[in-house]
């Protein structure tokens, strides 16, 4: 729940939002790099509201249907800052799918191991190239936050690529 709480409070720290808008932000942006998939956001929003971290009000514009808009309370801002500070110093080990495969790699024939690792390297290079193109696009340059995240992910992909190149030479 802490990760969900952090994400929801962070999105509402940007500006008040209605539930669907929050869901879209999570799906379009955060799920790309955070691996976040919130099935339902309304229950966590109710929990945060019951903790006094959020307020909600009804918003009606023109002929459009009414929407519940959520915003942070003072207590919500403090909690968000607490979670952000804690997150910056959290060194939870990232989960890499490659690690388990490396542990059991000796159970594959060497030729198959090399082909699979080379295929992974090809995929990593395509992803890296795609991220680099995104970084070079004007849209990403306007978003400092997304630019930082993409640069971080690019470094991680390049490090894994370097490792795979060395491993392929060893095999």
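What follows is calculated from the coordinates using simple rules that are stated; it is not laboratory data. Note that the structure is predicted; figures quoted are calculated from it, not measured. Cβ: placed from backbone, ideal geometry, glycine included. Neighbour counts: every protein chain shown.
Observations
- Computed from the C-beta positions of residue 122 and residue 87, the FRET efficiency with R₀ = 30 Å rounds to 0.35.
- Sites residue 158 and residue 13, calculated FRET efficiency, Cβ-Cβ separation with R0 35 Å, nearest 0.05: 0.65
- Cα centroid of region 96-141 to Cα centroid of region 146-171, whole Å: 8 Å
- Simple label model, 7 Å out from Cα along Cβ direction - residue 133 to residue 97, nm: 2.1 nm
- Spin-label pair residue 43/residue 78, simplified geometry with 7 Å Cα→Cβ offset, distance in nm: 2.9 nm
- Between the helical axis of 144-170 and the longest alpha-carbon principal axis of the chain there is an angle of about 20 degrees.
- Cα gyration tensor, region 71-165 - rounded (a/c under 1.5), prolate or oblate: oblate
- Once both labels are positioned 7 Å from their Cα atoms along Cα-to-Cβ, the gap between residue 108 and residue 24 label points is 4.2 nm.
- Estimated 222 nm signal from helices in the chain, with DSSP H stretches of n ≥ 4 weighted -39500 (n - 2.57), rounded to 500: -21000 deg cm²/dmol
- Nearest 10 degrees, 0 to 90: helix 110-136 Cα axis against the chain principal axis: 40 degrees
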